[in-house]
Structure formats: C-alpha cells, structure tokens
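Undergrad: One structure, as structure tokens, below. Some questions next.
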Amino acid sequence: MLTQLHIHNLVTIQELHIEFHPGTTVITGETGAGKSILIDAIELALGSRASPDIVRLGQEKADVSLCFDVSKLPEARQWLKNYDLEQNTHECIIRRTVHRDGRSRSFINGMPTTLQPLRELSELLIQIHGQHEHQSLLKPDVQRMLLDRYAGHQQWVDAVYTLAEEWQQLQREIHALHGLIEERNTHGEFLKFQLQELEDCHITPDEFQQLDIEHKQLAHAGELLQHINHALHSLTEQEEYNALQALNQALQALEVIQQVDPKISAWVETIKSVIIDVSDLEDELHRYLDRVNLNPERLQWLEERIRTLFDIARKHKVGPHELLDLQKKLAAEFNELATSDARLGELISKRDIVESKYADTAKKLSAGRHLAAKKLAEEITAMMQQLSLLDAEFHVHFEYDTTPMIAPHGTEKIIFYIKTNLGQSLQPLAKIASGGELSRIGLALHLATASQHATPSLLFDEVDVGVGGGTAEIIGKLLRRLGTSHQVLCITHQPHVAALGHQHIRVAKTVQENMTLTHIQALTQHERVQELARMLGGVEITPKTLAHAQELVEKLN
C-alpha cells in the first residue's frame with residue numbers, strides 16, 4: 001500500500017509530506033484548489049510524461065517521492081528481487097525529479113531506472129481510475145485479466161500459457177529443421193563428396209606433425225650422420241684425446257687430494273655425475289644413429305603424402321593439421337542431415353500432442369470465461385445502475401480470430417462492452433465511457449473482483465461526478481466496503497462520499513506574496529465536520545449546516 005507522498009516544488013506545492021493509512025481515504029477541497037495535483041504527482045512518480053511547466057516558478061527542479069509497503073505483495077517483491085532492488089525493510093521508494101530544462105530522472109529504492117521498468121512495477125502497486133494515462137481498464141489485456149480473476153481459474157490460465165509457449169518453441173525447431181532439410185536437398189551431395197574425399201585420404205591423428213618430423217630427418221640424414229658421428233668422436237671415440245678421457249683424468253687428479261680439503265669431495269661427485277651423463281648421452285647418440293638411414297624411396301613417399309595433405313587442406317581452406325577435425329565436423333553435419341527426417345517427424349508428432357492438449361485446456365478456459373462473463377455482466381450492470389447509471393448495461397464480448405492460433409492467453413480476445421443511455425448500442429468500453437463513468441465502472445469491477453485482486457492501492461477520480469446525494473451515499477458505502485480489503489484513495493465532491501472515508505484529507509489554496517500555494521492536510525474529527533459543512537453549505541457555514549455535517553458523520557459511520 002501507499003504509505004507516504006512527498007512533493008517538492010511541483011506547480012503550486014512548495015513542500016508537502018503526507019502519510020496514508022489502510023482503508024478508504026477521501027480527498028476534498030474547493031473547486032480549483034488543486035486536488036488533481038495529488039494524482040498528477042503520483043502519476044508523475046510512476047512514469048507519466050513530464051513537462052518542464054510542472055516545476056514551480058522560480059525553481060530549478062520538481063521532486064516527487066512515493067513510499068510503498070510491499071511486505072504483503074509477493075509479486076512486487078519478486079519483481080524488485082529480479083532487478084536487485086529489494087530492501088530488507090519491505091519498503092519500496094519511488095522517486096522522480098523533473099528539471100526546468102526538461103530533463104527527468106527516476107529512481108527505485110535509490111537506484112536509477114528507466115521509465116519502462118518503473119511502469120511495470122507501478123502496475124503491481126497501484127491502479128488509477130479517471131481521466132488520466134493510467135486508465136488500465138481500457139486495455140484488453142487488463143479486461144481479460146479481470147475476467148480471469150473473477151472466474152478464479154488461474155490454473156487454466158497458467159496451463160494454456162505454458163502449452164502455448166511449448167508449442168511455439170516446437171514450431172521454431174520445426175521451422176529450423178525444415179531449413180536444414182532444404183539445405184540437405186541442395187548441398188547434401190556436395191557435402192557427401194567432400195566427406196568421401198577426406199575419408200579416402202585415411203588421415204590419422206597427428207599424422208601431419210609426424211610426417212613433418214620424419215621428412216626433416218630423412219631430408220637431412222647425411223648431415224645428421226656426419227655431425228652426430230663428429231660429436232661421438234669428440235666425446236668418447238677419439239683415441240688421442242676425448243672429453244670422457246679428460247673428465248676421467250680430472251677425476252683422478254681430484255681424488256688424490258680430496259682428503260686435504262672436504263670441499264674437493266663435492267667437486268669429485270660433480271665430475272662423476274658428468275661422466276655418467278656423458279656415457280648416457282653416448283648410448284643415446286648411438287641409438288639415434290641406428291635409426292637414421294638414407295632411404296630415398298621413403299623420402300619420396302613422405303613428400304608425396306605431405307603434398308597430398310597440403311592440396312586437400314588448401315581446397316578446404318584449412319591447415320593440414322586441421323583436416324581430421326574437418327572430417328569429423330563434416331561427418332557430424334552429414335549425419336544430422338541424414339537423420340533430419342526422423343527428427344522432423346518426432347517434432348511434428350510432439351507438436352501435435354501439445355496442440356491437442358492446448359485445444360482441450362483452452363476449451364476449458366473458454367468455458368470458464370463464458371460462465372464467469374455472464375455472471376460478471378449481471379453483477380456489474382446491477383451495480384452500475386445503483387451508481388446512478390440507470391440505463392447502463394455491461395457485457396463481456398468474445399472475439400475469435402478467423403485463423404486458429406495458439407495464443408498464450410487462449411483462443412478468444414476479451415473486450416468489455418457497455419451502453420450508458422437508452423437508445424445506444426453496446427460498444428467497447430474505450431469508445432464511450434467518460435471519466436466519471438469509467439471511475440464508477442472501475443469501482444464496480446474492483447468490488448466484484450476484490451477477493452482476487454492483487455493490486456493493493458486503488459485511486460478513483462471523479463467517481464461521483466453528476467450524481468445526487470442518494471447515489472453518492474451508495475458510492476461512499478461501496479468505497480468504504482472496498483477499503484476493508486484494499487487501500488482506496490478517492491477524490492470526491494460529495495459530502496455523502498467524504499463522510500464515509502476512514503481518513504479525510506483536505507486540499508486548500510492560498511496566496512502569499514503574489515504566489516499561489518497549495519496546502520494538503522489530514523483532518524481531525526472536528527476539522528472533518530467543518531469540511532463537510534463547507535461541502536454542504538458553501539461559503540457560509542451555519543449552525544444548521546454544522547449539525548447536518550455532524551449527523552452525516554454519525555449516520556454514515
């Protein structure tokens with residue numbers, strides 16, 4: 001529910017802070033006092049279009065803040081959590097600033113936001129009914145939602161939505177697979193030729209790298225033999241003098257004197273280790289020489305094989321070392337093409353099953369909607385007639401597309417139709433309802449769906465326009481009743497409505513130093529009687545008027 005409203009430098013309001021309570025709050029004031037500023041301020045904070053003209057004269061910016069208690073609003077809390085905006089206090093603070101140069105900024109719990117998310121959140125917090133942008137009753141989606149809430153068949157709504165989403169996903173997969181099959185028919189033979197060419201090469205893992213190493217060895221076999229033999233000769237095989245002989249001589253020399261200085265023992269051990277390493281190296285060089293041979297035939301075969309791999313790699317625009325990966329990729333593509341017909345059959349079969357389930361579930365949803373629509377129409381028609389729309393008639397119209405569709409919200413479009421006067425034909429609500437009529441229709445709808453309605457705060461403007469005292473009293477009682485399950489804010493011109501509020505707020509206008517200022521104040525019981533007397537008697541308040549106002553408060557409460 002809305003708990004606080006703070007306004008700074010908005011039109012004629014210099015500074016305002018007001019707290020709201022549960023139940024029904026009535027807002028009154030003389031004509032032109034600025035009652036609509038409250039609605040304008042709330043709508044502004046919730047994302048309506050901002051004009052620089054709303055900034056109070058002589059100031060640089062206007063600022064509006066709303067504080068909502070979301071402790072009992074799981075949908076709103078989940079929305080905040082999804083956007084990482086949830087607070088431990090279960091409060092949601094929405095703020096909007098508008099600058100003189102036209103710039104505006106919005107914040108949710110202190111974090112900057114754009115208008116679209118802000119409007120999404122506002123629909124979970126408050127609904128405004130009147131001649132304003134937030135006339136959500138005119139939206140077909142809202143009308144469908146209200147009917148479904150009234151019917152109380154959310155399980156069918158959810159099931160239809162889930163099946164429609166599943167059907168759409170299958171349809172996308174089928175469409176993609178059709179494209180794949182078409183590609184197979186166009187390019188399948190060429191893909192098969194490419195794959196066969198690679199398979200005929202009998203490429204093995206790491207083959208190119210191994211061929212390259214062996215080719216280098218054979219191509220440089222003579223050079224390898226010459227230099228390795230030279231290395232062996234220098235290390236161990238030269239009779240006159242070689243490295244191994246020199247190491248042994250050095251070892252013998254140090255062993256003679258190692259008893260003189262302990263440090264020499266470490267050198268002895270180092271030379272012994274080097275001698276072992278040289279002996280091991282000699283064995284390795286001999287083994288390598290055994291493998292190196294001059295084989296022109298093998299060298300020629302290697303060169304031809306490498307040339308073949310290079311040629312096919314160039315054709316496929318890959319490196320020779322990537323040919324085996326390419327072969328595997330083409331094999332997977334060909335296998336996918338080969339099995340696409342079977343996969344397509346599976347998807348179509350699954351889609352048909354989902355479509356059948358959707359048809360059955362949508363049929364149950366539609367039957368529930370028709371049953372609820374008749375009952376809702378009767379209830380709203382009766383309530384509208386109580387609300388001084390004596391010739392009004394309400395009807396829930398169902399529209400069906402000539403082409404059957406799997407839609408997430410069912411097979412029909414829900415449109416509220418009304419007529420408010422004799423001789424009129426039923427027409428969509430959006431076409432003929434005035435602001436006052438729309439407020440009363442909204443009141444009737446919210447009363448009918450109060451037990452299922454999730455939006456906690458409702459704001460009605462001009463709900464009592466053009467009605468007399470008797471009807472106004474009925475409206476007041478209905479608003480008070482609605483206030484037992486929702487927070488209701490109502491701007492009213494009727495004392496019979498104002499007398500039935502749980503909280504009473506007065507809007508007044510004063511002039512100070514040639515500046516018009518709007519003041520808003522929550523009334524005490526005594527001040528409330530004074531305000532009702534003003535509404536009953538006009539400028540002059542007599543003892544009789546005060547008595548009448550006191551009687552209204554006592555009688556209607």
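Undergrad: Pick out, from GLN168, GLN487, ILE432, the residue whose Cα sits farthest towards the positive end of the charge dipole of the chain, with +1 on the Cβ of Lys and Arg and -1 on the Cβ of Asp and Glu.
TA: Among GLN168, GLN487, ILE432, the one farthest towards the positive end of the dipole of the chain is ILE432.
Undergrad: At a Cα cut-off below 20 Å, give the aspartates and glutamates reachable from LYS317, other chains included and same-chain residues fewer than 8 away excluded.
TA: Those aspartates and glutamates meeting the cut-off are GLU189, GLU197, GLU199, ASP200, ASP206, GLU207, ASP212, GLU304, ASP325, GLU333.
Undergrad: Among the listed pairs LYS35/LYS61; LYS350/LYS375; LYS375/LYS413; LYS72/LYS419; LYS72/LYS363; LYS35/LYS477, which are separated by more than 30 Å between their Cα atoms? Before the final figure, lay out each step's value.
TA: Numbers: LYS35/LYS61 21 Å; LYS350/LYS375 38 Å; LYS375/LYS413 18 Å; LYS72/LYS419 37 Å; LYS72/LYS363 34 Å; LYS35/LYS477 22 Å.
Distance filter (> 30 Å) returns LYS350/LYS375; LYS72/LYS419; LYS72/LYS363.
Undergrad: What is the magnitude of the charge dipole of the stretch 1-128 about its Cα centre, with +1 placed on the Cβ of each Lys and Arg, -1 on the Cβ of each Asp and Glu, and no other charges, expressed in debye to the nearest 20? Let's see the in-between values first.
TA: Details: 13 positive and 16 negative charges, 47 e Å.
That gives a dipole near 220 debye.
Undergrad: What relative contact order, as a whole-number percentage, does the chain give when Cα pairs under 8 Å and 6 or more residues apart are counted?
TA: 22
Undergrad: Are there GluC sites (Glu not before Pro) in the stretch 475-557 that DSSP marks as loop and that have at most 14 other Cβ atoms within 10 Å, and which are they? Present the calculation step by step, with values, prior to reporting the outcome.
TA: Working: sites: GLU513, GLU527, GLU531, GLU540, GLU551, GLU554; in loops: GLU513, GLU540.
Passing sites in the stretch 475-557 are GLU513, GLU540.
Undergrad: Another one. Please list 3J(HN,Hα) in residue order for the stretch 5-22, calculated via the Karplus relation 6.51 cos²θ - 1.76 cosθ + 1.60 where θ = phi - 60°; whole Hz, with x for glycine and proline.
TA: Once rounded to whole Hz, the list reads 9, 10, 10, 9, 6, 10, 6, 9, 9, 7, 8, 8, 9, 9, 9, 10, 10, x.
Undergrad: Let me ask you something else. Among the DSSP beta bridges whose two residues both lie in the chain, what percent are antiparallel, rounded to the nearest 5? Could you put the intermediate results ahead of the total?
TA: Values: 48 of 67 bridges.
Close to 70 percent.
Undergrad: Report the calculated FRET efficiency for SER51 and SER71 (r = Cβ-Cβ distance, R0 = 51 Å), to the nearest 0.05.
TA: Values: r = 35 Å, r/R0 = 0.68.
For SER51 and SER71, the calculated efficiency is 0.90.
Undergrad: Among THR471, GLN503, LEU115, whose Cα lies farthest out toward the positive end of the dipole of the chain, if unit charges sit on the beta carbon of Lys, Arg (+1) and Asp, Glu (-1)?
TA: THR471
Undergrad: Can I ask one more? Taking the alpha-carbon distance from LYS544 and a cut-off under 19 Å, which lysines remain once sequence neighbours fewer than 8 residues away in the same chain are dropped?
TA: In chain and number order, the partners are LYS555.
Undergrad: Pull up all non-local amide H partners of GLY29: gap of 5 or more, or a different chain, and H-to-H distance under 5 Å with H placed in the peptide plane.
TA: HN-HN under 5 Å from GLY29: VAL507.
Undergrad: Quick check: pseudo-label points 7 Å beyond the Cα along Cα→Cβ at ASP84 and ARG343, how many nm apart are they?
TA: Taking the simple label geometry, ASP84 and ARG343 are separated by 3.7 nm.
Undergrad: A further question follows. What's the magnitude of the charge dipole for the chain around its Cα centre, counting Lys and Arg as +1 and Asp and Glu as -1 at the beta-carbon? Answer in Debye, nearest 20.
TA: On the way: 54 positive and 77 negative charges, 836 e Å.
For this selection, approximately 4020 debye.
Undergrad: Could you tell me the calculated FRET efficiency between LEU225 and ASP277, based on Cβ-Cβ distance and R0 = 25 angstrom, to the nearest 0.05? Walk me through the intermediate numbers first.
TA: Working: r = 23 Å, r/R0 = 0.93.
According to the calculation, E is roughly 0.60.
Undergrad: With point charges of +1 on the Cβ of Lys and Arg and -1 on the Cβ of Asp and Glu, referenced to the Cα centre of the chain, which listed residue (TRP79, ILE418, GLN196) lies farthest in the positive direction of the dipole?
TA: ILE418
Undergrad: Grab the beta carbon distance between LEU289 and HIS175, set R0 = 41 Å, and tell me the FRET efficiency rounded to 0.05. Intermediate results must be reported in sequence, preceding the final value.
TA: Numbers: r = 67 Å, r/R0 = 1.63.
Computed FRET efficiency for LEU289 and HIS175 comes out at 0.05.
Undergrad: So what's the gap between the Cα centers of the stretch 45-70 and the stretch 337-394, to the nearest angstrom?
TA: 41
Undergrad: Can I ask one more? For each of LYS61, LYS192, count neighbouring Cβ atoms within 10 Å of the residue's Cβ, then give the residues from fewest to most.
TA: Ranking LYS61, LYS192 by Cβ neighbours within 10 Å, fewest first, gives LYS192, LYS61.
Undergrad: Amide H to amide H under 5 Å from THR24: which residues, 5+ apart in sequence or cross-chain, H placed 1.01 Å off N in plane?
TA: Amide H neighbours of THR24, under 5 Å, 5+ apart: VAL488, HIS502, GLN503.
Undergrad: For GLY47, which sequence-distant residues (separation of 5 or more, or a different chain) have an amide H within less than 5 Å of its own amide H, given hydrogens modelled in the peptide plane?
TA: none
Undergrad: Can you give the helix-only mean residue ellipticity at 222 nm for the chain, where every DSSP H stretch with n ≥ 4 adds -39500 (n - 2.57) and the sum goes over all residues, rounded to the nearest 500 deg cm²/dmol?
TA: On the way: 17 runs with 305 residues, N = 557.
So the helix-based figure for the chain works out to -18500 deg cm²/dmol.
Undergrad: Using a 10 Å cut-off around each Cβ, can you sort ASP290, ASP212 from fewest to most neighbouring Cβ atoms?
TA: Lowest count first: ASP290, ASP212.
Undergrad: Can you work out the Karplus-derived ³J(HN,Hα) for every residue in the stretch 272-282? Use 6.51 cos²θ - 1.76 cosθ + 1.60 with θ = phi - 60°, whole Hz, and x for glycine or proline.
TA: Per residue, the Karplus-derived 3J(HN,Hα) values read 4, 5, 5, 4, 4, 5, 5, 5, 5, 4, 4 Hz.
Undergrad: Hey, another quick one. Which whole-Hz ³J(HN,Hα) couplings does the stretch 329-335 yield from phi under the Karplus relation 6.51 cos²θ - 1.76 cosθ + 1.60, θ = phi - 60°, glycine and proline marked x?
TA: Couplings: 5, 5, 5, 5, 5, 5, 5 Hz.
Undergrad: How long is the gain from GLN168 to PHE398 if the chain were fully straight, where each residue apart is worth 0.36 nm and the alpha carbon distance is subtracted?
TA: Numbers: separation 230, 0.36 × 230 = 82.80 nm, distance 2.37 nm.
Difference between extended and current length: 80.4 nm.
No lab work stands behind these numbers, since they all come straight from the coordinates. As the structure is a computational prediction, the values presented were derived from the model and not from experiment. Neighbour counts run over all protein chains shown; Cβ positions are idealised from the backbone, glycine included.
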